[in-house]
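Below: the structure, in C-alpha cells.
The values are calculated or read from the model by the stated rules, or taken from the named source; none is laboratory data. All values reported here derive from a predicted model rather than from experimental measurement. Methodologically, a virtual Cβ is constructed for each residue, glycine included, from the backbone with ideal geometry; neighbour enumeration extends over all protein chains shown.
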Amino acid sequence: MNGVNINLYLLLENLLFLTVATSWIGILSRVWKHPKPYTLPLPFPWWHKW
C-alpha cells in the first residue's frame, strides 16, 4: 500500500463511521421523543399488608 491508498482507506473509514454514528444518533433521537413513563417499583407487592 502506498500513501494514496492509505489516505483513501482512512477517508472511507471515517466517512463510514460518520454515517453510522449520525444515523444512530438520529434513530435514538426519534425513539427518545415518545418513551413510556417509567415508574419505580414499589418496595412491597400491592397485596402485602403490614
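Remarks
- Residue count, region 23-33 (criterion: surrounded by 10 or more Cβ atoms within 10 Å (Cβ to Cβ) and polar (S, T, N, Q)): 1
For every residue, the table says whether it meets (1) among the aromatic types (Phe, Trp, Tyr); (2) at pLDDT 90 or above; (3) surrounded by 10 or more Cβ atoms within 10 Å (Cβ to Cβ).
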site	(1), (2), (3)
ASN5	no, no, no
LEU12	no, yes, yes
LEU15	no, yes, yes
LEU18	no, yes, yes
PRO35	no, no, no
LEU40	no, no, no
PRO43	no, no, no
TRP47	yes, no, no
